[in-house]
Amino acid sequence: MAQIPNLDNAALNLTALREQSQKELLSIIKSIRGKKCLVIDPKLAGTLSLILQTSALKEYGTELRILSADPLQTECPKVVYLVRSQLNFMKFVANQIKNDESKGLQREYHLYFVPRRIVACEKILEEEKVHQKLTIGEYPLYLVPLDEDVLSLELDYSLQECLIEGDTSSVWHVAKAIHKLEFAFGVIPNIRAKGVASTKAAELLNHMQLEDPVSMDNMGIPEIDTVILLDREVDMVTPMCSQLTYEGLLDEMLEIHNGSVEVDASIMGAQQDGKKVKVPLNSSDKLYKEIRDLNLHVVVQVVRQKATSIQQDYAEVKSTNTQSVSELKDFVKRLHSLPEIARHVNLAQHLQSFAAKPAFHARVEIEQIILEAQTYETCYEYIEEIIQKQEPIETVLRLLVLFSLTNGGLPKKNFDYLRREILHSYGFEHMPLLYNLEKAGLVKRQESRTNWPVISRALQLIVDIKDPENPDDIAYIFAGYAPLSIRLVQHAVRSGWRSIEELLKLLPGPHMDLKRGVSTISSSELLPGSGSQQSTDRVGHRSLVLVVFIGGVTSAEIAALRFLSAQEGMGYDFLVATTKVITGNTLLRPIIASSKEGMI
């Protein structure tokens, strides 16, 4: 189970938010008296591990099971399903109930939708003739704290739903999640949004405030000064790039789930071949907090330095008997950090075995050439070559999407040729995938000149990093490329959208800059830009900006926001909320899978 993150240093009282979620879940469990079996959908089980220990549920006579297509194995007379509002889960629930009935088992069934019930799910239960047998409720779990500065809605498919399927239900969830935050921390006075989904979420948030108002009179000064909403579609370039920070590489190569990575025990120095171990990764680990946003080569230096320092102290203690009790005490205290050091030495060494390969360097290099919009032919030939070598399709698509986005598409001849090559190398079942990528505007035919060089120059996206160990710009995150999304956040906090109005028109979707009144909120109060605001709203605190990514955010972008917040003269703390923490692979994977299944 993932270690529950320590939230004591969060800029907002996220502990209270988590405790509220715990309380609501335990209230559901307590309301169903007697022995019961709690059946949780597989993804939700991981999410709940960030909120409470499962031992807390067992105290109330609760058996735990994971929902699957198999019949339910339990002796309990009461069954409580806790599942996300997904259609396939309804079939599982219905089949389990029918299986019980075929065996003559009489049970009491409860179904709690997370975060809310939806008509399409209930329709399936009715079609399967089990709706009447269920007592239905909701568990309104919207935002889960992944760490002291990151909240997630854990919506895996929001980008694919918005971009390809035209399903905007995740946008409603985002607005609802922010509105729930407002009930705890006050109405957010400034909203800036960019993109179709983000402006829609801002409008929904206003509508929710009119329908179900947060009382402003009793709240005092709002704890969040500004919310900046960004569609992933506005910057699809950044997630296609290889992340180079320690946390970013861990996610790229090992995939972080619910605040931990699962690795072979042998990687962590254990003599248990084939056994997997979970390694928690959050700021409760002080060393991880210090190194997570550094580039890998710097991380290796830091952990080596710490290990060497303890080694020297140990040699000194061993060779002399002159240490005072307090000195020995300090040494013993330092020894407590040894497991953390060993953990990150092992993980960093494992990452280095990937990152040191010529293929990895070649890929990072070609990404830089693409970002700098240099030598079209070199990039085109590289992509052609990796298709013919049948490298993983996610690797190919990431570069192809990056290439298409920065070139405003591909000339028809090249576009058609690469599509044919992909189908020959990976199979004709990928035809719907290529269609969906085109539909989403990710890989397309070139119809006009690209805006990328204009955007890149105006926002200074390509920066020469002179000292990677002591960087002075967020571009260190990608070895010289500053994430477009974070450059937009920089402008939004400095001066609203007004200063980059013309530039924003070159990026996908509308933008909005909204000032909400102290006592009344009107969606007509749209401002063209809201000027520079250095916040002194929260007495004794820096201003807090909530940055919401609809469609996912990478660890590298979170690292860039942390870097900005730590800069001298930056009067803001950033809190990130996202539909999901992603990599280029995890962003593309649902699109690949659903295209294969012909679901779209």
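The values are calculated or read from the model by the stated rules, or taken from the named source; none is laboratory data. Since we're looking at a predicted model, the values are computed, not measured. Positions of Cβ are backbone-derived with ideal geometry, glycine not excepted, and every protein chain shown enters the neighbour counts. With ligands, DNA and RNA removed, areas are computed over all heavy atoms of the protein, side chains included. Shrake-Rupley method; radii C 1.70, N 1.55, O 1.52, S 1.80 Å.
Points to keep in mind about this one:
- Selection status of ILE136, over 18 Å from the mean Cα position of the chain (by Cα) and open to solvent by less than 30 Å² (accessible area, probe 1.4 Å): no
- Residue in segment 412-419 that is exposed (fewer than 13 other Cβ atoms within 10 Å of the Cβ), touching a residue at least 12 places away in the same chain (Cβ under 8 Å) and more than 29 Å from the chain's Cα centre (by Cα) present: yes
- Restricted to segment 392-411, and to residues there that are assigned to a loop (DSSP other than H, G, I, E, B) and in contact with a helix residue (DSSP H, G or I) (Cβ under 8 Å, 6 or more places away or on another chain), the residue that is surrounded by the most Cβ atoms within 10 Å (Cβ to Cβ) is GLY409.
- Enumeration of residues in segment 1-27 that are of a type in the set (A, V, I, L, M, F, W, C), more than 24 Å from LYS278 (Cβ to Cβ) and surrounded by fewer than 17 Cβ atoms within 10 Å (Cβ to Cβ): ALA16, LEU26
- Out of VAL237, VAL277, VAL303, one residue alone is closer than 27 Å to LEU163 by Cα and over 15 Å from the mean Cα position of the chain (by Cα). It is VAL237.
- Within the option set ASP231, ASP251, ASP225, being within 18 Å of the chain's Cα centre (by Cα), closer than 27 Å to GLY571 by Cβ and surrounded by 20 or more Cβ atoms within 10 Å (Cβ to Cβ) holds for one residue only, ASP231.
- Apart from one condition, ASP156 fits all of (1) at pLDDT 95 or above; (2) open to solvent by 30 Å² or more (accessible area, probe 1.4 Å); (3) in a loop (DSSP other than H, G, I, E, B); the exception is (1).
- Selection status of ASP167, more than 23 Å from ALA492 (Cα to Cα), among the charged types (D, E, K, R), out of contact with any Lys or Arg (no Cβ under 7 Å at 6 or more places or on another chain) and not in a helix (DSSP H, G or I): yes
- When segment 370-383 is filtered for residues that are in a helix (DSSP H, G or I) and surrounded by 15 or more Cβ atoms within 10 Å (Cβ to Cβ), the ones remaining, listed by number, are ILE370, LEU371, TYR376, CYS379, TYR380, TYR382, ILE383.
- Applying the condition of being open to solvent by less than 50 Å² (accessible area, probe 1.4 Å), of a type in the set (D, E, K, R) and not in a loop (DSSP other than H, G, I, E, B) to segment 28-59 and asking which residue is modelled with the highest pLDDT yields LYS36.
- Residue in segment 274-292 that is of a type in the set (Lys, Arg), surrounded by 20 or more Cβ atoms within 10 Å (Cβ to Cβ), touching a residue at least 24 places away in the same chain (Cβ under 8 Å) and not in a helix (DSSP H, G or I) present: yes
- In the set LEU146, LEU163, only one residue is over 17 Å from TYR81 (Cβ atoms) and in contact with a Pro (Cβ under 8 Å, 6 or more places away or on another chain); that residue is LEU146.
- Filter pass, GLU469 being open to solvent by 70 Å² or more (accessible area, probe 1.4 Å) and farther than 22 Å from ALA556 by Cβ: no
- Screening VAL80 against (1) at pLDDT below 95; (2) more than 30 Å from GLU148 (Cβ to Cβ); (3) in a strand (DSSP E or B) leaves a single unmet condition, (1).
- Any hit, segment 493-507, residues being open to solvent by less than 20 Å² (accessible area, probe 1.4 Å), over 23 Å from the mean Cα position of the chain (by Cα) and among the small types (Gly, Ala, Ser): yes
- Of the set (1) over 23 Å from VAL489 (Cα atoms); (2) surrounded by fewer than 24 Cβ atoms within 10 Å (Cβ to Cβ); (3) within 20 Å of the chain's Cα centre (by Cα), all apply to GLU211 but (3).
- Any hit, segment 27-34, residues being in contact with a helix residue (DSSP H, G or I) (Cβ under 8 Å, 6 or more places away or on another chain) and within 25 Å of VAL144 (Cα to Cα): yes
- Within segment 60-88, residues that are touching a residue at least 24 places away in the same chain (Cβ under 8 Å) and in the same structural domain as LEU105 (by the TED database) sit with their Cβ atoms under 6 Å from residues that are aromatic (Phe, Trp, Tyr) and not in a loop (DSSP other than H, G, I, E, B), at 6+ positions apart or across chains, in these pairs: LEU67/PHE92; ALA69/PHE92; VAL79/TYR109; LEU82/TYR112; VAL83/PHE89; SER85/PHE113.
- GLU203 over 21 Å from the mean Cα position of the chain (by Cα), modelled with pLDDT of 95 or more and surrounded by fewer than 22 Cβ atoms within 10 Å (Cβ to Cβ): yes
- Hey, VAL463 of a type in the set (A, V, I, L, M) and surrounded by fewer than 20 Cβ atoms within 10 Å (Cβ to Cβ) or not: yes
- In segment 214-252, the residues that are part of a loop (DSSP other than H, G, I, E, B) and under 19 Å from ARG363 (Cβ atoms): MET236, CYS241, SER242, GLN243, LEU244
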